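Report on the structure given below.
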Amino acid sequence: MTTFKPRETLTEQVARHIENLIAFGQLRSGERIYESAMAKQMDVSHGSIREGLLLLEKRHLVRNVPRKGAFVTPLDEHFVRSLYEILELYLTHTGRKLARQWQPDDMARLESLFGRMKDCYQRNELMGFLELGIEYTQASLAYADNYFIVSAIGDLWPSARRCAFVAFQSGGNQVLEDNLAHMDESIQAIKERDEDHLAMILKRFADQQCQQVLSALARSQGQRSGSVE
């Protein structure tokens, strides 16, 4: 049976384009987004840009300030710590359900994604690795069975993607290797239906990546300060 998938709306296309500009650092933390320039660049109306920016505000990537315009949400220590704290809570809750209830098809998918990520690592394909990592985490949400958690995580993914790119870009192969080790260990815990061990792995990984992002931001800030001097 074929599942109908509606075409992506223009608003979603606009939002996805701007999301990528933010996630991959082409629009910087705190930078103003000019509607007229973006509309000209994308060859769409100002209204379409405005609707896309409203959607990205819901996804925590943009702040619309009355009478001043739209700005990229600042990526600072408070934002990063807040993001990883809430992701840890949601993913641990869902991971426990997955460990209890997974079926063979679920495990096959997780192992397939893990294998594809190892291939990307060996080929040094950072973008492919990043996208597969997010797909892996989304696949682990199969047993969330909670409307509010699924909806909230959907709005948090763009920020998680943005932070992951900061960590990967700065940390090089070590960050990729840390991700692979985390996934390998978590798959084993899921297979053994060991909820407590899986929760410990998820907490450790969230703490580790949070620190990697903060370290990358600190290095970037130091480099900018040095260039100004």
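The values are calculated or read from the model by the stated rules, or taken from the named source; none is laboratory data. Just so we're clear, the structure is a prediction, and the values are computed from it rather than from any experiment. A quick note on method: Cβ atoms are made from the backbone with ideal geometry, for glycine too, and the neighbour counts reach across all protein chains shown.
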Worksheet item: How many residues, within segment 176-200, are surrounded by 21 or more Cβ atoms within 10 Å (Cβ to Cβ) and within 21 Å of Ser82 (Cα to Cα)?
Response: 1
Worksheet item: Going through segment 63-76 one residue at a time, which ones are surrounded by 19 or more Cβ atoms within 10 Å (Cβ to Cβ) and more than 15 Å from the chain's Cα centre (by Cα)?
Response: Ala70, Val72
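Out of curiosity, is Arg7 at pLDDT below 95, under 30 Å from Ala216 (Cα atoms) and basic (Lys, Arg)? First the steps, then the outcome.
On the way: at pLDDT below 95: yes; under 30 Å from Ala216 (Cα atoms): no; basic (Lys, Arg): yes.
Criteria not met by Arg7.
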Response to the item:
Restricting segment 103-135 to residues that are of a type in the set (S, T, N, Q) and part of a helix (DSSP H, G or I), the one nearest to the chain's Cα centre (by Cα) turns out to be Ser112
Item to complete: Return a yes/no flag: does segment 91-107 have any residue that is under 24 Å from Gly133 (Cβ atoms), modelled with pLDDT under 95, in contact with a helix residue (DSSP H, G or I) (Cβ under 8 Å, 6 or more places away or on another chain) and among the hydroxyl-bearing types (Ser, Thr, Tyr).
Response: yes
Item to complete: Spot the failing condition for Arg100; the list is (1) closer than 22 Å to Phe148 by Cβ; (2) in a strand (DSSP E or B), and only one is missed.
Response: (2)
Response to the item:
Wholly inside segment 146-229, helices (runs of 4 or more DSSP H) that include 2 or more residues that are of a type in the set (Lys, Arg) and at pLDDT below 90 are 195-228
Worksheet item: Between a first residue in segment 162-184 that is among the aromatic types (Phe, Trp, Tyr) and a second residue that is assigned to a helix (DSSP H, G or I), which pairs have beta carbons less than 7 Å apart while being 6 or more apart in sequence or on different chains?
Response: Phe165/Ala23; Phe165/Leu130; Phe168/Leu126; Phe168/Leu130; Phe168/Val175; Phe168/Leu176
Practice prompt. Counting only residues that are out of contact with any His (no Cβ under 8 Å at 6 or more places or on another chain) and under 22 Å from Val213 (Cα atoms), give me the helices (runs of 4 or more DSSP H) lying completely in segment 1-61 with at least 1 of them.
Written response: 10-23, 46-58
Response to the item:
Quick count over segment 198-218, residues being within 16 Å of Leu110 (Cβ to Cβ) and either touching a Cys at 6+ places or on another chain (Cβ under 9 Å) or without any contact (Cβ under 8 Å) to a residue 60 or more places away in the chain (or both), is 2
Worksheet item: Which of the residues that make up segment 102-124 are without any contact (Cβ under 8 Å) to a residue 40 or more places away in the chain, surrounded by 14 or more Cβ atoms within 10 Å (Cβ to Cβ) and under 13 Å from Glu177 (Cα atoms)?
Response: Cys120
